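As structure tokens, the structure follows; a few thoughts come after it.
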């Protein structure tokens, strides 16, 4: 790639990163366009795996190494046998399979037909298809009766949604005392997005996504009681740079120590596990 193309690619990557703060596509007047762009983006992503299904990637392993944020997320869902769970933005089907292996009954939804197909393929491969019903549906307009679910869960989905609509719908379909659990990217200060946009690491955000602000989180939680917020990804974010990834476990431990001893630093963490109760 010549210098001119490198510069253009760098500038476009920075533009996409900056656009991920307060993405205007998430406003109610733009939902049809946002959902269409998201559907096209994730259909393309899923098609790669449907064409060449790699069993090693999708084989369920209860001892699979995970980032600390993912381990914490699943640790909140250890006693779900027999529970009915709604997995919104099910994507590749990893969370649905994981929870089905724990004995839960899943309704798994996504706006991407290809992601629904991939979730179904993943469920069949791991022999839990009898516990997972995957269907095409938007979390902004859920087609379930009131008070249907014991849990609503999602990994990296809220930041793609109109939060006002999604919050009301998720609260509506939860049973009284039901819980909602989400793992999400977060950006507390707009200035940090501008700093991030200068760093030449690839932006993976979809057209309709935008990292959550603390104001977004508080607004979404208005229909619930907040049980707990756990913060992740401060020093661990350095693993995006060459040669640092091998220290990820150490950086995870340092992040936990820092936020426990200096809670004010939570303002600088880039991911959150949000636990809510109706």
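Quick look at the numbers
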| item | result |
| --- | --- |
| Those helices (runs of 4 or more DSSP H) lying entirely in region 18-86 with at least 2 residues modelled with pLDDT of 90 or more, surrounded by 18 or more Cβ atoms within 10 Å (Cβ to Cβ) and under 17 Å from the mean Cα position of the chain (by Cα) | 31-51, 68-75 |
| Complete set of residues in region 93-123 that are farther than 16 Å from residue 46 by Cα, part of a helix (DSSP H, G or I) and out of contact with any helix residue (DSSP H, G or I) (no Cβ under 7 Å at 6 or more places or on another chain) | 99, 101 |
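The values are calculated or read from the model by the stated rules, or taken from the named source; none is laboratory data. Not measured: the values here are computed from a predicted model. Neighbour counts run over all protein chains shown; Cβ positions are idealised from the backbone, glycine included.
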